[in-house]
Ligand code: F6P
C-alpha cells in the first residue's frame, strides 16, 4: 500500500479480486472438483496435519490473486513486526507476542529491547514446581489434606481457551491417566447458579481455587473470587486463603490487595492479549495441576511448531496464511458473513466457543488501524458444534438455506476407540464417514435431473434439490493429543491475525466490550441505592426504567 493510511480496498489487488468474483460466479464446485490437478494443488501437509481446501470456491487463479492481496497488505512485514515485538496493538501501545509463551528455552524474542523468553520460562518453571507439589501432596490444605480438586475462576480469555484445551485432552489416554483422582472445574459466569454448579460436591478442605484475570478488575471474576474466598474461609478460617487460593494475573499489586500471597501468584505480561493467553499461566497452571506439566509442555510444543511454520513458510504453503486469505475471500468478496467450525470430535466441543472469542473479539471492527471508517465488513460470525450433533441441528440451513463456509476438522485415530462385534465399521469409522461425506454433499448438491432419475415425485423435487456449490475446507489431524491441540490452537490464532492484517485493522484491542460494562456500573449503583435507600431510578430511558422497576418490585 502506498501509505499507512491507505485502505486495502483501494489497491489494485483488491479491485482485481472484486472483478474476479464474476468469473467465480460462473463456476460450480461440481466442475472445479473434477480437476484433479487443481485439487492436488489445494492440499497442504505439515507436521502430520493435512489441509484440503479444494472445496473452496476458488481456482488456482484466485489463489494467485489472494497472494497478490497479501503482498498489497504487506503481510510479510506485518507478520515479522508481530514476531519482532513491535507495538502493533497501537491503540493500547503494546506488542503482540503470545508466540513467545511457547517458544523454546533458547529462543530470543524481544519486547521493548528485552528478551522475554527467560521470563516466560521462569514462570513455567514455577508452575512446574508448584503443580508437582500439589499433585504429589507435598503441598496440603489448611487441615493437612492434599488438594485434589481445582476451580479456575475467570471469564472470556481467562476461561475459554483453558476450557477448550481441558475438554480436548481429558479423554486422551495419557492425560486421562495423569489426571486420575483429580478434578478441574471452571467458574466463569457471575450467575450464582454457576457458583452452585461448580462447588457442588466439592469439599473446601481438598479444593484449590485459581483466580485467573489479566487485569484483576473484571467485575464477574472478582465477585466470583470473593464468593469462593467466603466459601473457603467460612469452612476453614481466614488463614486458609494462603493454602487454598492462588492467582494468575498481570496485576500482582491487586492480587496482593485481594489477600493472595504474591509468592502464590503466577505472572504474565501486557504483551499477551486475554484471548491469546491460554499458553500463559492462564492455561498452563490449571492444566498442569490437572494433568502434570509434562503433558502441558507437549501442548506448548505443538503450538510452537505452527509458530515456526507460520513465520518461515512461503505463503502458498503456509497453512494459517492460506486459511486467513480464504476467509477474507469468503467474507469480503463472496459476501458470506458467517463461518461454521465443525469438528468431528466430541473432545473438541469447546473449540468453536473459544475460536468465537479469538475471531470475533479480534476482527469485529468498524475502523482501520489508523482510525478510518471501513467501507467493507471485517470479521465473521463464528459458530459451531461437533459433528454429528450439528447435522441433527443446523445443517439443514447450511445445505439448503444460507451459504456458510464450513471448517470440517477430523481425527484419524480416536482417543477412545470402540469396536463392536457384528457392526460394519468401528464407532469412529461411523463418525468419520460423516466427516468425509458432508463436504461433498455441500459442494455437489443434488440436481432435479438426478432426482427425476430416482423417480422422486414431481412435487417433491424442489424440496429435495440441493443447489450445492457451498464452500468448505477439511483439516485432518493424525490424533487428538496435547501436541495436536496446540497445533490447532496456533493455526486458528494466526489465521485470525492474517485476516486482520489484510483488512488493515487492529485485531488485538477490544474497545467494543467497554460500553456495556460502563452502563452496567450505572445500573449496579442504582440497584444498590434503590434497594438500600429506596432512591428513585433516574437517568434511564422509558424502556430500561420499566424493566428495572419490574425487577425491583
Ligand atoms: O470482556 C472482554 C475481556 O476484556 C476479554 O478480552 C478478556 O479475555 C476478559 O474480558 C477477561 O479479562 P481479565 O482476564 O482481565 O479478567
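The values are calculated or read from the model by the stated rules, or taken from the named source; none is laboratory data. Please read these numbers as outputs of a predicted model, since none were measured by experiment. Note that each Cβ is placed from the backbone with ideal geometry, even for glycine, and that neighbours are counted across all protein chains shown.
Does any residue of the range 169-177 turn out to be free of Cβ contacts under 8 Å to residues at least 60 places away in the same chain and touching a strand residue (DSSP E or B) at 6+ places or on another chain (Cβ under 8 Å)? Explain how you work it out, then say what you get.
Here is the first cut: in the range 169-177, the residues free of Cβ contacts under 8 Å to residues at least 60 places away in the same chain are 176-177.
Imposing the further condition that a residue be touching a strand residue (DSSP E or B) at 6+ places or on another chain (Cβ under 8 Å) reduces the set to none.
So far as the range 169-177 goes, no, none of its residues is free of Cβ contacts under 8 Å to residues at least 60 places away in the same chain and touching a strand residue (DSSP E or B) at 6+ places or on another chain (Cβ under 8 Å).
Can you name the number of the only condition in (1) within 15 Å of the chain's Cα centre (by Cα); (2) over 14 Å from residue 409 (Cα atoms); (3) surrounded by fewer than 22 Cβ atoms within 10 Å (Cβ to Cβ) that residue 376 fails?
Here residue 376 clears every test but (1).
Could you look through the range 85-104, keep only residues that are part of a loop (DSSP other than H, G, I, E, B) and more than 22 Å from residue 510 (Cβ to Cβ), and pick out the one that is nearest to the chain's Cα centre (by Cα)?
So in the range 85-104, the residues part of a loop (DSSP other than H, G, I, E, B) come out as 85-88, 90-93, 95-97, 103-104.
If we keep only those that are more than 22 Å from residue 510 (Cβ to Cβ) too, we end up with 103-104.
Values: 103: 20, 104: 23 Å.
Across the range 85-104, the extreme among qualifying residues is 103.
Please name all residue pairs, on different chains or six or more residues apart, with Cβ atoms under 8 Å, provided the first residue is in the range 211-238 and is farther than 15 Å from residue 142 by Cα and free of Cβ contacts under 8 Å to residues at least 40 places away in the same chain and the second residue is part of a loop (DSSP other than H, G, I, E, B) and more than 10 Å from the ligand (Cβ to nearest atom).
The qualifying pairs are 223/190.
Whether any residue in the range 467-481 is touching a helix residue (DSSP H, G or I) at 6+ places or on another chain (Cβ under 9 Å), in a loop (DSSP other than H, G, I, E, B) and over 21 Å from residue 341 (Cα atoms) is what I want to check. Full working, then the answer.
Of all residues in the range 467-481, those touching a helix residue (DSSP H, G or I) at 6+ places or on another chain (Cβ under 9 Å) come to 467-478, 480-481.
Then drop every residue that is not in a loop (DSSP other than H, G, I, E, B), which leaves 467-471, 480-481.
From what's left, over 21 Å from residue 341 (Cα atoms): 467.
Yes, some residue in the range 467-481 is touching a helix residue (DSSP H, G or I) at 6+ places or on another chain (Cβ under 9 Å), in a loop (DSSP other than H, G, I, E, B) and over 21 Å from residue 341 (Cα atoms).
Within the range 482-540, how many residues are within 16 Å of the ligand (Cβ to nearest atom), assigned to a loop (DSSP other than H, G, I, E, B) and surrounded by fewer than 16 Cβ atoms within 10 Å (Cβ to Cβ)?
Here the count works out to 0.
Which of the residues belonging to the range 67-84 are under 18 Å from residue 115 (Cα atoms) and assigned to a helix (DSSP H, G or I)?
The initial filter retains those residues of the range 67-84 that are under 18 Å from residue 115 (Cα atoms), namely 80-84.
Passing the criteria: 80, 81, 82, 83.
Out of the residues in the range 408-460 that are in a strand (DSSP E or B) and touching a helix residue (DSSP H, G or I) at 6+ places or on another chain (Cβ under 6 Å), state the one that is farthest from residue 34 (Cα to Cα). Full working, then the answer.
The first filter runs over the range 408-460 and keeps only residues in a strand (DSSP E or B), leaving 408-413, 446.
Still in the running and touching a helix residue (DSSP H, G or I) at 6+ places or on another chain (Cβ under 6 Å): 408, 410.
On the way: 408: 21, 410: 23 Å.
Per the stated criteria, the residue is 410.
So, in the range 205-238, exactly how many residues are surrounded by fewer than 18 Cβ atoms within 10 Å (Cβ to Cβ), within 11 Å of the ligand (Cβ to nearest atom) and not in a helix (DSSP H, G or I)?
2
Considering only the range 257-268, I want to know if a residue exists there that is at negative phi, touching a residue at least 40 places away in the same chain (Cβ under 8 Å) and assigned to a loop (DSSP other than H, G, I, E, B).
Looking for residues that are at negative phi, touching a residue at least 40 places away in the same chain (Cβ under 8 Å) and assigned to a loop (DSSP other than H, G, I, E, B), one finds at least one in the range 257-268, hence yes.
Do we have residue 107 as over 28 Å from residue 224 (Cβ atoms) and part of a helix (DSSP H, G or I) here?
Working: over 28 Å from residue 224 (Cβ atoms): yes; part of a helix (DSSP H, G or I): no.
Here the answer is no, as residue 107 does not meet what is asked.
Just to check your reading of the model, which residue among 246, 278, 295, 272 is in a helix (DSSP H, G or I) and at pLDDT 95 or above?
Numbers: 246 fails: in a helix (DSSP H, G or I); 278 fails: in a helix (DSSP H, G or I); 272 fails: in a helix (DSSP H, G or I).
Result of the check over 246, 278, 295, 272: 295.
Residue check: is residue 168 crowded, with 21+ Cβ neighbours inside 10 Å and at pLDDT 95 or above?
Working: crowded, with 21+ Cβ neighbours inside 10 Å: yes; at pLDDT 95 or above: yes.
So residue 168 passes the test.
Can you pull out every residue in the range 361-381 that is over 18 Å from residue 404 (Cβ atoms) and within 16 Å of the ligand (Cβ to nearest atom)?
Within the range 361-381, the first condition is being over 18 Å from residue 404 (Cβ atoms), and the residues that meet it are 361-362, 365-376.
Within the range 361-381, 361, 362, 365 meet the criteria.
Only one residue in 144, 137 is farther than 30 Å from residue 370 by Cα and in contact with a strand residue (DSSP E or B) (Cβ under 9 Å, 6 or more places away or on another chain). Which one? Talk me through it step by step, then tell me what you get.
Values: 144 fails: in contact with a strand residue (DSSP E or B) (Cβ under 9 Å, 6 or more places away or on another chain).
One residue alone meets the criteria, 137.
Which residues, counting only those in the range 134-170, are within 15 Å of the ligand (Cβ to nearest atom), in a helix (DSSP H, G or I) and touching a helix residue (DSSP H, G or I) at 6+ places or on another chain (Cβ under 7 Å)? Walk me through how you get there before you give the answer.
Looking only at the range 134-170, we keep the residues that are within 15 Å of the ligand (Cβ to nearest atom), and these are 152-164.
So of that shortlist, the ones also in a helix (DSSP H, G or I) come out as 156-158, 160-164.
Selection gives 156, 157, 158, 160, 161, 162, 164.
Condition first: more than 18 Å from residue 276 (Cβ to Cβ), in contact (Cβ under 8 Å) with a residue 24 or more places away in the chain, over 19 Å from the mean Cα position of the chain (by Cα) and assigned to a helix (DSSP H, G or I). Now tell me which residues in the range 300-330 satisfy that.
Once the filter is applied, which keeps residues that are more than 18 Å from residue 276 (Cβ to Cβ), in contact (Cβ under 8 Å) with a residue 24 or more places away in the chain, over 19 Å from the mean Cα position of the chain (by Cα) and assigned to a helix (DSSP H, G or I), the range 300-330 yields 315, 316, 317, 329, 330.
Quick one: in the range 187-204, which of the residues that are buried (at least 20 other Cβ atoms within 10 Å of the Cβ) and within 13 Å of the ligand (Cβ to nearest atom) is nearest to residue 156 (Cα to Cα)?
Checked the range 187-204; the qualifying residue nearest to residue 156 (Cα to Cα) is 188.
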